[in-house]
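What follows is calculated from the coordinates using simple rules that are stated; it is not laboratory data. None of these values were measured; they are calculated from a predicted model.
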């Protein structure tokens, strides 16, 4: 099992199955065949049936499916909410230069 992690989603065995699946395919066909498989999220997990079950889409490739899943999973796929590395410097940090850590 190779698995793949994208945008907070660990595809696990589902990713392996997607690569071997024939396309085009529909969300319903994927749910019928792989619905019990689990995708892991930072804050939990969901089955393929939970993610793709409500969707009526056709996919032309494994990448299309992965992109759809990343867009459909709940907030549990998000790591640190409202995190950004673009915040202004905090007091004591120099702006524009490297920050030293001891």
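Hey, what did segment 1-57 get for relative contact order, percent, Cα under 8 Å, at least 6 apart? List each step's numbers first, then the result.
Numbers: 77 pairs, mean separation 18.4, N = 57.
Reported as a whole number, the value is 32 percent.
Take the alpha carbon gyration tensor of segment 1-57, find the square roots of its eigenvalues, order them as a ≥ b ≥ c, and report rounded if a/c is under 1.5; if not, report prolate when a/b exceeds b/c, else oblate. The partial results should precede the final answer.
Values: a/c = 1.96, a/b = 1.28, b/c = 1.53.
Judged from the Cα gyration tensor, segment 1-57 comes out oblate (a/c at least 1.5, b/c at or above a/b).
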